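For reference, the structure discussed in these notes is given below.
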Amino acid sequence: MSRIKKRVTGLQISFMVILFEIGSTPLFLLGADAKQDSWLAMSAGAAAGFALLLLFLWLQQRLPEMELPEMLRFGFGRIAGTFFGIVYSCYFAYQSMRNVRDFGELTALTILQSTPMSITMLVFILIAAYAIWKGAEIIFRLPEILLPGLLFCYFLLIILFILMGNADIKRLTPVAENGLWPILQAALPEILSFPFGQMIVFLLLWPLWEKPGVPVKNTVWAYVGVSVFLIFMNALNLAILGPVLAGSFYLPFLESVRTLSSLRFIERLDILVTLMIFIGLFIKIVIWYYCAVEIAASLTRTSAKWWVFPLGALIYAASFIERNYTQHIAVGLGPSTRIDTIFQIAIPLILAVAAALRLQSSRSSA
């Protein structure tokens, strides 16, 4: 696949940041261990994620025109950098797999209960493969089409919650009853890793910007806006269900929407929510999958088209490893977050130090 560079606008990058970060995040009550303070845990995770975003932006600014594989080779050397590049490609494919499985489970749970998950997951991995085959320019057009409708649907549901009086702000009190430590424990590393640390994918996307440099303003404003939105949605789930009920459901946002069942003129709003989540999940599947393909193509110096279907087949096959949705969620919110910490925080920090030393050495020798 011929890479289409310098064709992505700042607005497209902003839209991609928003849609990618939303993903499936509103489905879950992140920071549930903090109970009524989970929205504060979400705020702490967003703040820590912003610091991590600044690190990613620093790396991209210091190593312009480089994508993640080139950064790894520059910082760690050819052999170690290639090794880390292979590992990152596997990691991105793993993340895509997790979203494919989310897609299949959510579909089986809501709208296609009689259709085998294997069929629905195969359909969407093929659609994702087609989008990646067509190139980054096509992928970045998706948020322009999907994001306005998605935000309208969220806005509509929020208005309905307010009009129906389902949300009770008293369920968010007392605030910080047990101090800040439980809030920080709930936020780090879980919420930092999902969704905010996942911004690491933009080390493969920022170089596509049509202008020289890095789209800092577009990225930062989009990140701040989506962070506020996610914090609000977390607080809204709490205000509707309360910390006990919200923490006991796998998908609390779906349960929140089902409280609108007393409406006489609208039925099955949970299907609308499912379609909204499908949009976010599909973007995440595509971006993680695209990044895995691009790294594999960069390391082997071959066309990315050679890697689209082999990696797609690997992602699809790996999505069946976990036996059921309970195990899938347990892995995703447990061991997976510890793996995320290595790839999203530890390695980028070491890479930043190595790159700074290399750059300093280059200036000294010059």
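Remarks
- Principal-axis tilt of helix 269-300 within the chain, Cα atoms, nearest 10 degrees: 10 degrees
- Charge-dipole axis of the chain as Lys and Arg at +1 and Asp and Glu at -1 on Cβ define it, positive-most pick from 299, 221, 86: 299
- Region 10-340: Lys pairs at Cα distance under 23 angstrom, eight or more positions apart or on different chains: 6
- Apportionment of accessible area to carbon and sulfur, the chain, percent (1.4 Å): 68 percent
- A Förster radius of 35 Å combined with the Cβ-Cβ distance from residue 109 to residue 145 puts the calculated FRET efficiency at roughly 0.85.
- Rounded tilt (10° steps) of 117-134 against the dominant C-alpha axis of the chain: 40 degrees
- Per residue accessible area in Å² of the chain, where ligands, DNA and RNA are left out and the probe is 1.4 Å: 44 Å²
- Charged-residue dipole, Cβ positions (Lys, Arg, Asp, Glu), the chain about Cα centre, Debye nearest 20: 960 debye
- Among 121, 310, 32 the positive-end extreme of the charge dipole of the chain (Cβ point charges): 310
- Theoretical FRET efficiency, 1/(1+(r/R0)^6), r = Cβ-Cβ of residue 137 and residue 78, R0 35 Å, to 0.05: 0.70
- Taking a ≥ b ≥ c as the square roots of the eigenvalues of the Cα gyration tensor, an a/c ratio of 1.5 or more together with a/b larger than b/c marks the chain as prolate.
- Cα→Cβ-extended label distance, 7 Å offset, between residue 224 and residue 346, nm: 3.3 nm
- The charge dipole of region 29-158, taken about its Cα centre with unit charges on the Cβ atoms of Lys, Arg (+1), Asp and Glu (-1) only, comes to about 220 debye.
- Available extension along the chain between residue 365 and residue 155 is 69.9 nm, counting 0.36 nm per residue and deducting the alpha carbon span.
- When the chain is described by a simple charge dipole with +1 on each Lys and Arg Cβ and -1 on each Asp and Glu Cβ, the residue from 13, 279, 325 located farthest towards its positive end is 13.
- Backbone N within region 216-230 under 16 Å of label point (7 Å from residue 9 Cα along the Cβ vector): 218-219
- Cα centroid of region 146-208 to Cα centroid of region 30-86, whole Å: 19 Å
- Across region 24-39, the residues whose backbone nitrogen lies under 17 Å from the label position 7 Å along the beta-carbon direction of residue 168 are 36-37.
- Residue 216/residue 324 FRET efficiency (R0 51 Å; Cβ-Cβ; nearest 0.05): 0.75
The values are calculated or read from the model by the stated rules, or taken from the named source; none is laboratory data. Here the structure is a predicted model, which is why all the values come from computation and not from measurement. Reconstructed Cβ throughout: ideal geometry from the backbone, glycine too, with neighbour counts over all protein chains shown. Surface areas here come from the heavy atoms of the whole protein model, side chains and all, with no ligands, DNA or RNA. Shrake-Rupley method; radii C 1.70, N 1.55, O 1.52, S 1.80 Å.
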